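Just below is one structure, and these are the notes that go with it.
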Amino acid sequence: MEKEEGEKFLPGTETEEQFEEVLSLLAGWIKAGIVDVGVDVDGDVVFDLPDEMEELLGTQISSDMTYKNVISIITQEIRVLASVGLAKKPEQSLKRRLPDKLLEKPEKLNVMVERSNRVIDVLITENVKQRVLLRKATSAYIVNSLQWNSGTYHIESGDKKKTDVPHILLEVNFARPHSANILTLREEGNVGVSRNDDITVILELHKDDLKDLIKKLNKIEEETL
């Protein structure tokens, strides 16, 4: 995997032994709860790596592998291999999503198909597979992100008595899978990308309202197990 100075590493060009080492490490981290496996809005598999990955990798990777190389293998190559492995036509998906430079040799496609199969076997549970299939099938909104803040209202009632009312602001972003992206101009002058059908709803809740919402969600979970 060693490259000439200044040459950028391309995920997918590592040896089979190096790929298997990274795959094995990732599987161990997932089993230990260090890395979470998620599914994004459009049904792609994502790996939530902790901030201390560099420290973790420093004691576990081979001397011929760098921290940045391993991270790029996980976040670029293995992520794509996991997602296309659950597609209806994996080979066509690989051709669309892998760099042309990586597929210059015809036999390389077969190698990547085999790697994709290994990723699915080692990393992807039945629940993750079901979540991916649901994302790809649904046209309904999903909860994309949650943000919250807390504050206190100082409210004067009819009898002129002031009451401090603590509240929670819950900002829920809903997204529709496979919706088109649009360019937006941010306040600082940068151009950002957002999804065309995104909806953000701000809920203002008393702590007991939040408890009631959690109770209702728990009841749904209990009744659908």
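Every read-out reported here was derived from the displayed coordinates using simple, explicitly stated rules and does not represent laboratory data. Quick caveat: nothing in here was measured; it's all calculated off a predicted structure. All Cβ positions, even for glycine, are placed from backbone atoms using ideal geometry, and neighbour counts span all protein chains on display.
State yes or no: is VAL128 within 30 Å of ILE199 (Cβ to Cβ), aliphatic (A, V, I, L, M) and surrounded by 14 or more Cβ atoms within 10 Å (Cβ to Cβ)? Criteria met by VAL128. Suppose we keep only residues that are among the hydrophobic types (A, V, I, L, M, F, W, C) and assigned to a strand (DSSP E or B) within the stretch 18-43. Which one would you say is surrounded by the fewest Cβ atoms within 10 Å (Cβ to Cβ)? Ranking the candidates gives VAL37 first. Restricting to the stretch 151-181, name every residue that is outside any strand (DSSP E or B) and surrounded by 10 or more Cβ atoms within 10 Å (Cβ to Cβ). Answer for the stretch 151-181, where residues must be outside any strand (DSSP E or B) and surrounded by 10 or more Cβ atoms within 10 Å (Cβ to Cβ): ARG176, PRO177, HIS178, SER179. Does SER83 satisfy being of a type in the set (Ser, Thr, Tyr) and closer than 19 Å to GLU17 by Cβ? Against the criterion (of a type in the set (Ser, Thr, Tyr) and closer than 19 Å to GLU17 by Cβ), SER83 does not qualify. On the basis of being under 18 Å from the mean Cα position of the chain (by Cα) and within 27 Å of PRO177 (Cα to Cα), does VAL35 make the cut? Yes: the conditions hold for VAL35.
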